[in-house]
Structures are given as C-alpha cells and as structure tokens.
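This report refers to the structure that appears directly beneath it.
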Amino acid sequence: MKDKQSSNDLLNKISGLSYSASVEGIATNIIETADACKLITQYLNELQPQWVSVGDRLPIIRTDGAHAQISVLATDGENVCQVNFHSGSTPTDWYEWSEYGDIEPALITHWQPKPLPLSDGE
C-alpha cells in the first residue's frame, strides 16, 4: 500500500468504533458509520489487484535463458481479456503477449494478475 495505513491499522480502526443508542450519540453514530464505510471501502480496494502499466513493469522478465509464461488479465483501456505472457533471454532478452486474446498484443496498455479461484464455501 503506497502512503496509506496498513490493512491491520484499517481493521483496528473499524473494529474500534463504538456506537451509542442515546439521543446525544445519534449524530456521532452517523459520523462513525460513515467513517467505517470509508475505511471498509479503502480496505477492500487495497485488497484488489491493481492495473500495472506495461511501460512500468511486465508480468515476468527472465534473464537466465529459460522460457517462462504466465496468464494475466490485460486491457487496451477499453476491453479486458485473459492473455498469456511469454518471456525468455535466449539469445537475448525477449517477451511477447500471445495472439490468442481478444486484444491485439500491440494495443495492450496494462495488465494485472488473475484473481485467485474461489475456495470451497465461497
């Protein structure tokens, strides 16, 4: 998390809020409820994968000569699809986006890891 409170700090703030049933406490309850909603939203947003510009970082870069690939979500700023990213370094460093996604590789501007699959009971 960049320049934000840690997830634990946010959870502690949320769990530390108290509520009053008195007439005097109603305004405070409303304010604290709004604050809790903001903190919960911030916490959930920080848990979600974020889009990474291909100009800033690629999914993988291998320099040991081995081929590697990973499946990620990619976007051209309008469409989103799953695509494979391949990387290697023989004879020189190279990478490529697969041609099998719904977005032409040259148009991919951002990527992010795919979400984890649901576990039993979710």
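The values are calculated or read from the model by the stated rules, or taken from the named source; none is laboratory data. Bear in mind that the values here come from a model prediction, so they are computed numbers and not experimental data. Here Cβ is always computed from backbone atoms with ideal geometry, including for glycine, and neighbour counts include all displayed protein chains.
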Test result for T90, at pLDDT below 95, among the polar types (S, T, N, Q) and in contact with a Gly (Cβ under 7 Å, 6 or more places away or on another chain):
yes
So, first residue within 19 Å of G65 (Cα to Cα) and in the same structural domain as A74 (by TED's automatic domain parsing) in the stretch 95-106, second residue at pLDDT 85 or above and part of a helix (DSSP H, G or I), Cβ within less than 8 Å, six or more apart or across chains; the pairs are E96/P105; W97/P105
Restricting to the stretch 105-115, name every residue that is crowded, with 16+ Cβ neighbours inside 10 Å and over 16 Å from S53 (Cβ atoms).
none
